[in-house]
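Participant: Could you have a look at this structure, given as structure tokens, before my questions?
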Amino acid sequence: MVRKAGIRFFAYMMIGIPHETKEEMFATVDFAKKLKPDYAQFPICTPYPKTELYRQMLDEGIVTEDYWQGFAEQPSANFIIRFWNKNFTENDLRKLQDECHARFYTSPSHIMKQIAKVRSWSDFTAKARMGTKFLTSKMRV
């Protein structure tokens, strides 16, 4: 209905949920592709304090200390929100997030949809710059 009304839409789908596998994360991307949104974002699950997810992760030992409580007791400008998954390091999760974005944005159907939307030379050059920047950043990893 949104597409028929001419409204562009954005898919926002969380990955890296505590027991999620790589295959399940990629299945999330495949689901996003089926929805055919104009844009997609795949943020990593962040367990916030006093939530059921955070309590469960503390109980299971996935989160080994209540670092949010530590921050509440001694706030610091250097505080970093952490991502937790039993199967992956934080660095692994960030790499998987990059791969999820790449799988979505480099799919032939998404690229063709973007090409079909080009309406001017400046639009073409802006999209080409964005695509080149995206691809070259992935090559350096």
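The values are calculated or read from the model by the stated rules, or taken from the named source; none is laboratory data. What you see is a predicted model, and the numbers here were worked out from it, not measured in a lab. Note: ideal-geometry Cβ built from the backbone for every residue, glycine included; neighbour counts use all protein chains shown.
Participant: In this structure, is residue 21 assigned by TED's automatic domain parsing to the domain that holds residue 99 and either of a type outside the set (Val, Ile, Thr) or surrounded by 13 or more Cβ atoms within 10 Å (Cβ to Cβ) (or both)?
Facilitator: So residue 21 does not fit the description; no.
Participant: Can you tell me how many residues in segment 1-40 are without any contact (Cβ under 8 Å) to a residue 60 or more places away in the chain and under 20 Å from residue 91 (Cα atoms)?
Facilitator: Residues that pass the stated criteria total 4.
Participant: Return the residues of segment 71-88 that are modelled with pLDDT of 90 or more and not aromatic (Phe, Trp, Tyr); say none if nothing qualifies.
Facilitator: Within segment 71-88, 72, 73, 74, 75, 76, 77, 78 meet the criteria.
Participant: Can you find even one residue in segment 76-92 that is surrounded by 13 or more Cβ atoms within 10 Å (Cβ to Cβ), assigned to a helix (DSSP H, G or I) and in contact (Cβ under 8 Å) with a residue 12 or more places away in the chain?
Facilitator: no
Participant: Could you tell me which residue of segment 60-71 is nearest to residue 90 (Cα to Cα), considering only residues that are of a type outside the set (D, E, K, R) and not in a loop (DSSP other than H, G, I, E, B)?
Facilitator: Residue satisfying both the conditions and the ranking: 67.
Participant: Here's something else I'd like to know. So residue 118 ticks every box in (1) closer than 25 Å to residue 47 by Cβ; (2) not in a helix (DSSP H, G or I) but one. Which box is left unticked?
Facilitator: Single failed check for residue 118: (1).
Participant: One residue is enough: does segment 50-59 have a residue meeting the conditions out of contact with any Phe, Trp or Tyr (no Cβ under 9 Å at 6 or more places or on another chain), assigned by TED's automatic domain parsing to the domain that holds residue 132 and either assigned to a loop (DSSP other than H, G, I, E, B) or within 24 Å of residue 2 (Cα to Cα) (or both)?
Facilitator: Scanning segment 50-59, I find no residue that is out of contact with any Phe, Trp or Tyr (no Cβ under 9 Å at 6 or more places or on another chain), assigned by TED's automatic domain parsing to the domain that holds residue 132 and either assigned to a loop (DSSP other than H, G, I, E, B) or within 24 Å of residue 2 (Cα to Cα) (or both), so the answer is no.
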